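The structure appears right after this line, and notes come after that.
Values quoted throughout were computed directly from the atomic coordinates according to the rules given, and no laboratory measurement underlies them. It should be emphasised that the depicted structure is a prediction, and the values quoted were computed from it without experimental measurement. Backbone-built Cβ (ideal geometry, glycine too); neighbour counts: all protein chains shown.
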Amino acid sequence: MKADLLCGRQTLAVELPERAVLLESSAAEALADPGEAVVDALRNPIGSKPLREIAMGRKNACIVISDITRPVPNRLILPPLLQTLEESGIRRQDITILIATGMHRPNLGDELAGMVGREIMENYTIVNHYCDKEEELRELTRIDGAPIEINSRYLDADLKILTGLIEPHFYAGFSGSRKSILPGISSFETMKFMHSYKVIDQLRGANCRLENNIFHDYAMEVTEQAGIDFILNVVINQDRQPTGIFGGHYEAAHRAGCEMVKSHAVVDLEEKMDLVITSAGGYPLDATFYQVSKCLISAMDILRPGGSILVTCGCEEGLGSEGFCTIMRSNPTPEDFDRHHADPENFVIDQWCAQNIYQALGYSGRVYIYSPGLSGQDVERFQGVKIDDVQKTIDGLVQNHEKIAVAADGPYVIGKVRG
């Protein structure tokens, strides 16, 4: 059997024994007329009235969009959405587009123009969410004593609309809908809770699962209290072409989109594997080791305790942010990480992805890492095994690992063990 593992800007061709199970997502066909599909989703939504009817008589509107880190086709979905609002009687100057940056940097200038198109940028009010600007946030509720603070522009809007992508997510089960609010337009204090050691520790096997998912449950609770009138979510394929447009009720339309994603991205397995060979998804997804946590969690979900993981990742920008580098370089073992970061007083940005990496390191017997962008010293610091020859390493591992799974596209395909 042959497979092409994604790694940075290249692919690595490897040979595997015939007994290996190749995890592949099924092809998702692009929409023939995505523009018409958007219009249809606004006129014939799932679980709600048409957007034009909902918008009639509303004084103003807030449309939440994802930031630059998510490949949402805003130039496709925003024009008909904005046109519908204006035709319903909402004046252009009373429409605010709010960018759900979470804890990311703002999107401005040419970057913003690339996201939404220069015409929309120059003719509509567009604001970035800042998670640390207390004057732009308001406490909505408390969960386990933690303040849940949401952007006040959204809370004060007469008409509230969420847009975004629906794709597998290793915390929320699937992205989209409620995730635009939590964590999209939440405060830093709120995200300290939602990404805390305690919450992340309860999310094993959460990828592509909404039931029995504390992250999803919290986000739904907050969304219902914050209010939401309509969602417009998109499903895309690996070529970033729209394959489905889902508009309407924040739960009904979202679940319909999740079912489409599940039908293409999830592969069922009968049992857990001894060896999982995977990739971090290639560039730009694997530009830093920070993002490799996604494929490691997916691999761990189908691995027997003490099994092995081999991952390919370009990491041309190294480990990641300064804070993430500090975590990975100062915690040699999963026990060291747990000892320090289980204490809420020691919370730092980016610790949640590090927590997932240490979970995989602690669960497996060995994590073998092929990465041109990482130094052997960095990999050895957190007790990974740096390798220089993927095929040679695989040839050695298959000698004493009977059950083998290969996810050449990494986090784009999700394995699930039946039961």
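Points to keep in mind about this one:
- Label-point separation, ALA113 to VAL127 (7 Å along Cα→Cβ), nm: 2.4 nm
- Rounded FRET efficiency, nearest 0.05, which uses the C-beta distance separating GLN202 from ARG339 and R0 of 22 Å: 0.75
- Using θ = phi - 60° and Karplus 6.51 cos²θ - 1.76 cosθ + 1.60, couplings along segment 324-336 (whole Hz; Gly, Pro as x): 5, 4, 4, 4, 5, 8, 10, 10, x, 10, x, 5, 4
- Among MET273, MET56, the order by Cβ neighbours within 10 angstrom, fewest to most, reads MET56, MET273.
- Counting every other Cβ atom within 10 Å of each residue's Cβ, THR11, THR288, THR69 order from fewest to most as THR69, THR11, THR288.
- Those lysines that a straight Cα-Cα span of less than 17 Å connects to LYS403, excepting residues fewer than 8 apart in one chain: LYS2, LYS272, LYS416
- Most mobile of ASN123, ASN233, ASN60 in a GNM of the chain (Cα contacts under 10 Å): ASN123
- Reported to the nearest whole Å, the Cα centre-to-centre distance from segment 298-350 to segment 100-130 is 32.
- Relative packing of peptides 162-168, 340-346 - highest average C-beta neighbours within 10 Å first: 162-168, 340-346
- Hz values of 3J(HN,Hα) by residue in segment 350-365 - Karplus curve (6.51, -1.76, 1.60), Gly and Pro given as x: 6, 6, 5, 5, 4, 4, 5, 5, 5, 4, 5, 5, x, 7, 8, x
- Whole-Hz Karplus values for segment 207-220 come out as 4, 6, 9, 9, 6, 6, 10, 5, 5, 4, 4, 4, 5, 5 Hz, taken residue by residue from phi with 6.51 cos²θ - 1.76 cosθ + 1.60 and θ = phi - 60°; glycine and proline positions read x.
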